[in-house]
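J.: Structure provided below as structure tokens; questions to follow.
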Amino acid sequence: MKLTPATIAAAQPGAVLRDEVVTGLHLRVFPIRKVFYLYYRTRDGRERRPKLGDYGVLTLAQARQQAKAVLATATLGADPSADQQAARQAPTVADLAARWLQEVADKRKTAGELRRMVEKDVLPRLGSLRVAEVGHVAVADLHAALTKRGPTMANRVVEIVSTMFTCAERWGMRTEGTNPCRHVAANPERKRKRHLRTEEFPRLAALLDAKAATAPRAVAFIYLLLFSGARPMEIAGARWEWLEARDTPAGRIGILHLPDTKKGQRDVFLPPQAMAVIDRLPRDRPTITGLKRQPRDLWRRWRAEIGLDDLWVRDMRRSFGSVALRAGQSLGIIGELLGHNSTQTTKIYAQLMDDAREKAAVETAAVIERLMKV
């Protein structure tokens, strides 16, 4: 049957209508739709039958125009059908993310946080796009949307995306030097200085006491951050076999021998107050707190209950440092306790430094305990 508007309208399922205007253009009629196809051969003789589109979406005139364009390209020696198939099979951002998470992110201490940001913030907007097609506008739009939730967080997400596309170039998924994150202006950031003020310690203590029965592990997590000055990921990932405890005149103290932290191997000193928290925890899970991840959502709800909406879990670490400074500890010792110092001490002075850090940790925790009882 000839391909005309009238024959298309009258065609029944199973019919094939061939065009007399553009050689190779034809329409196949299915029970619920009618589809334009094109038959042609490449210059080296390979047969191609690409689908052009559904009738109704394309008119007959548009199908003829599209068919002519494909045939003209094929005449010049290209293979538009193969190019189209390759484009459909090209990796998406979701494919790139899966490989990046496995080969890069999962080897980092912050793997859980990186995975959460990729799955929550990157994939919903960029996941279905082809890696080779993502442009500056797509990333800039992502950054702008996330900025409404948090300027600093938006910057971090774009940094992750930039790292992913750098890997994409190295893995041959994208042309080198075309990272779409270039020239996306970062939001201004101010260094965070939040820490617990004197009058806030009792409010925090009352909250944690009230939640201890229903969420003992999360409460222990907050207390350990506050009494040790450790980073949240260090406490969340701390394992029982890393813990060394002993009795001293000041009470039962401990040391967490962390094998691999943000600053490499380091020890976290645990004063009696921290050890009292740990000794109440069951040893039924590999990690000391037994948490699978940091309780951010839970803490967000808790802090709202006592009017500390702007207090983050990592602010406990800054609170420890500020109390240590007020307690008269030197900046050098505080840096050692918080793992800020990268200077290597000699073996001769190693024990003296341990003693000084232990004393400073005990004294600082004692002050925090008094503040929380005010």
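Readers should treat all values here as calculations from the given coordinates under stated rules, not as data from a laboratory. Predicted model, so just to flag it, every value in this text is computed and none were measured. Virtual Cβ from ideal backbone geometry, glycine too; neighbours counted across all protein chains shown.
J.: For segment 91-214, what are the per-bin percents of Cα-Cα distances with bins 10 Å wide, up to the bin holding the maximum?
T.: 12, 36, 25, 14, 10, 3
J.: Next question. I'm checking a number: the convex hull volume of the Cα atoms of segment 153-297, normalised per residue, in Å³. What is it?
T.: Cα convex hull per residue, to the nearest whole number: 177 Å³.
J.: Per 10 Å bin, what is the whole-percent P(r) computed from every C-alpha pair distance within segment 247-298?
T.: Pairs per bin, as whole percents: 21, 42, 35, 3.
J.: Further question: List the residues, sorted by chain then number, that are 5 or more residues from LEU270 or on another chain and whose placed amide H is less than 5 Å from its amide H.
T.: GLY254, ILE255, LEU256
J.: Also: If you average the sequence gap of Cα pairs under 8 Å that are 6 or more apart and divide by the length of the chain, what percent do you get for the contact order? Could the numbers behind the result be given before it?
T.: Working: 476 pairs, mean separation 42.3, N = 374.
Relative contact order for the chain comes out at 11 percent.
J.: Extent of segment 198-372 along each principal axis, from alpha carbon coordinates, in Å, largest to smallest?
T.: 49, 36, 31
J.: Nothing charged except the Cβ atoms of Lys and Arg (+1) and of Asp and Glu (-1): what's the magnitude of the dipole of segment 127-212 about its Cα centre? Round to the nearest 20 debye.
T.: Rounded to the nearest 20 debye, it is 340 debye.
J.: Here's a follow-up. Pop out the ³J(HN,Hα) list for segment 244-249 in order, Karplus 6.51 cos²θ - 1.76 cosθ + 1.60 with θ = phi - 60°, rounded to Hz; leave Gly and Pro as x.
T.: 10, 10, 7, 8, 9, x
J.: Quick check: the angle from helix 201-211's long axis to the longest principal axis of the chain, C-alpha only, nearest 10 degrees?
T.: Helix 201-211 and the main axis of the chain meet at about 70 degrees.
J.: Of the candidates ARG217, ARG46, ARG266, which one comes out as most mobile in a Gaussian network treatment of the chain with C-alpha springs shorter than 10 Å?
T.: ARG46
J.: Ok, one more. Can you give the Rg and Dmax of segment 5-87 based on its C-alpha atoms, in angstrom?
T.: In Å, with Rg to one decimal and Dmax whole: 13.0, 38.
J.: If I fit a long axis through the Cα atoms of helix 151-170 and take the longest principal axis of the Cα atoms of the chain, what angle between them do I get, 0 to 90°, rounded to 10?
T.: Tilt of helix 151-170: around 60 degrees.
J.: Residue-wise, which Karplus ³J(HN,Hα) couplings in Hz belong to segment 5-14, taking 6.51 cos²θ - 1.76 cosθ + 1.60, θ = phi - 60°, and x for glycine or proline?
T.: With coefficients 6.51, -1.76 and 1.60, one gets x, 5, 5, 4, 5, 8, 5, 9, x, x Hz.
J.: Percent antiparallel among DSSP beta bridges with both residues in the chain, to the nearest 5?
T.: Bridges in the chain are about 95 percent antiparallel.
J.: Would you pull out the residues with amide H under 5 Å of GLY53's amide H, same chain only if 5 or more places away, H placed 1.01 Å from N?
T.: PHE36
J.: Hey, another quick one. How large is ³J(HN,Hα) for each residue in segment 180-187, as worked out from phi by the Karplus curve 6.51 cos²θ - 1.76 cosθ + 1.60 (θ = phi - 60°), to whole Hz, x for Gly and Pro?
T.: Once rounded to whole Hz, the list reads x, 7, 4, 6, 7, 5, 6, 6.
J.: Tell me the mean residue ellipticity at 222 nm calculated for the chain from its helices only (DSSP H runs of n ≥ 4, each -39500 (n - 2.57), averaged over every residue, nearest 500).
T.: Helix-only estimate at 222 nm: -14500 deg cm²/dmol.
J.: Classify segment 145-212 from the C-alpha gyration tensor, please: rounded if a/c falls under 1.5, else prolate or oblate depending on whether a/b exceeds b/c.
T.: On the way: a/c = 4.40, a/b = 2.77, b/c = 1.59.
It is prolate, given that a/c is not under 1.5 and a/b is the larger ratio.
J.: Taking one equal scatterer on every alpha-carbon of the chain, how large is log10 of I(q)/I(0) by Debye at q = 0.06, 0.14 1/Å?
T.: The computed values of log10 I(q)/I(0) come out as -0.43, -1.22.
J.: Then there is this: When the dipole is taken about the Cα centre of the chain, and only Lys, Arg (+1) and Asp, Glu (-1) are charged at their Cβ, what size is it in debye, to the nearest 20?
T.: Values: 63 positive and 41 negative charges, 155 e Å.
Charge dipole, the chain, about its Cα centre: 740 debye, nearest 20.
J.: Here's a follow-up. I need the GluC sites (Glu not before Pro) found in segment 179-250, filtered to DSSP loop residues with at most 12 other beta carbons within 10 Å of theirs.
T.: Listed in order of number, the matching sites are GLU189.
J.: Using label points projected 7 Å from each Cα along Cα→Cβ, tell me how many nm separate ARG170 and ASP141, to one decimal.
T.: So the label points at ARG170 and ASP141 sit 2.9 nm apart.
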